[in-house]
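What follows is a single structure, written as structure tokens, with notes after it.
The values are calculated or read from the model by the stated rules, or taken from the named source; none is laboratory data. Since we're looking at a predicted model, the values are computed, not measured. Here the Cβ positions follow ideal geometry from the backbone for every residue, glycine too, while neighbour counts run over all protein chains shown.
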Amino acid sequence: MKAAEGVQRVALEALVHGACVMKRWMMLVTAIPLAVAGCGGGDAGESATTVRVERPSFNADRAFQDLERQVAFGPRIPGSAGHAEQLEWLETELRSLAHTVFLQPFEHVTVDGNELALTNVIARFGPADGSRLLLLTHWDTRPKADQSSDEADRELPVTGANDGASGTAVLMELARMFNEQPPPGGVEFLFSDGEDYGPSTTDMFLGARHYIAGVGSENPPAYGILLDMVGDADPSFPVEAYSMEGAGQVVQRIWGIAAGLGYRRFFPMDQTSRVLDDHVRFIEAGIPVVNIIDFDYGPGHGFWHTPRDVVENTSAQTLFMVGDVVAEVVYRNR
Ligand code: 1BN
Ligand code: ZN
């Protein structure tokens, strides 16, 4: 269960609109408590360092605009106009930011015999050689609101403000940061398509499977972080159980960094969810990937795969918190 909604929101606002909007200093190995550096640090009792590397701050307003922009395309269902517009936007935007961008078009025939034209979008930052970290999210949206309590709504498409647009918005803003200041190691972005087609799981996680069969098996990333449903206005990111079982060290690192940044109450280590998602395909292929997911969206999880997955139920502050954590992981990745 989440903490009382109002309390959570006030606490997150205080964190994000306080010292945290300033540029963060990344710290390596000394004994200055993180609290000295501001931004809610010190929660985990972490130590900071002599060598300080400045990194850009995550611009939550710009990320939220990207979330709204995607919603304005309409549902991003494979084959729809919104899907085509979003693909064009992703490619154009990333080509202005990353040194390498390529598309992975592929087809899938669903269990009902529908032929889907799908496209993964891949962008690379930082050194081209050596190991690389994979950041991934899905950019498609659920064709039908099949979790709606009202049967009449179950044929409606899902807007996907949280489930689709939020992860994409966070990754796009991280791409801008990496363009401004390249990360210390190689970073690959995967915007996967066909994650949420369904309803059968045979027709889900399609982009992840395609990536793993191609790029991922030729030259696998060292580890990865999946962002899914990272925009809930009432956020909570308990440890996801498949991630803990398949990528425990990466979980410890991410949740430790989140605590160090002052977000411990939003990243509880002592609570778990278990969500089948793109990351499980990677774990099965031997690539440790962690899912940062808030699978408790709305009262009784009542906004997930319903017409209530809309902009009004998301928050720029949640995008900030998740972007801040992932940026810290990446810029500390020496
Ligand atoms: C997450 C968000 N998922 C879909 N939208 C994955 C999922 C699949 C979660 C089946 C639960 C059941
Ligand atoms: Zn979904």
Point to revise | Number of the condition not met by MET269 [criteria: (1) free of Cβ contacts under 8 Å to residues at least 60 places away in the same chain; (2) more than 15 Å from ligand 1 (Cβ to nearest atom); (3) under 24 Å from ALA165 (Cβ atoms)] | key: (3)
Review point. Has segment 256-264 got at least one residue that is touching a helix residue (DSSP H, G or I) at 6+ places or on another chain (Cβ under 8 Å), touching a residue at least 24 places away in the same chain (Cβ under 8 Å), closer than 18 Å to ILE287 by Cα and assigned to a loop (DSSP other than H, G, I, E, B)?
Key: no
Review point. In segment 181-209, what count of residues is obtained for those that are in a helix (DSSP H, G or I), under 19 Å from the mean Cα position of the chain (by Cα) and of a type outside the set (Gly, Ala, Ser)?
Key: 2
Review point. In segment 185-200, which residues are within 11 Å of ligand 2 (Cβ to nearest atom) and either among the acidic types (Asp, Glu) or under 12 Å from VAL330 (Cα atoms) (or both)?
Key: GLU195, ASP196
Exercise for review: Please work out which residue is farthest from ARG308 (Cα to Cα), limiting yourself to segment 148-175 and to residues that are away from ligand 2 (no atom under 11 Å from the Cβ) and of a type in the set (Val, Ile, Thr).
Suggested key: VAL170
Check your understanding: Which of the residues spanning segment 279-315 are hydrophobic (A, V, I, L, M, F, W, C), more than 20 Å from VAL326 (Cα to Cα) and surrounded by fewer than 24 Cβ atoms within 10 Å (Cβ to Cβ)?
Key -> ALA285, TRP304, VAL310, VAL311
Study note, to complete from the structure: Of all strands (runs of 3 or more DSSP E) fully inside segment 56-144, the set with 3 or more residues that are surrounded by 23 or more Cβ atoms within 10 Å (Cβ to Cβ) is 115-125, 132-138
Review point. What pairs come up if the first residue lies in segment 291-319 and is on the phi > 0 side of the Ramachandran plot and aromatic (Phe, Trp, Tyr), the second is within 12 Å of ligand 2 (Cβ to nearest atom) and modelled with pLDDT of 95 or more, and their beta carbons are under 6 Å apart, counting only those six or more places apart or on different chains?
Key: none
Exercise for review: Name the one entry in SER243, SER236 that is away from ligand 2 (no atom under 16 Å from the Cβ), part of a helix (DSSP H, G or I), within 16 Å of the chain's Cα centre (by Cα) and at pLDDT 95 or above.
Suggested key: SER243
Revision key, fill the gap. Pairs returned, first residue in segment 129-150 that is of a type in the set (Phe, Trp, Tyr) and within 16 Å of ligand 1 (Cβ to nearest atom), second residue that is modelled with pLDDT under 95 and in a strand (DSSP E or B), beta-carbon separation under 7 angstrom, 6 or more apart or interchain, are none
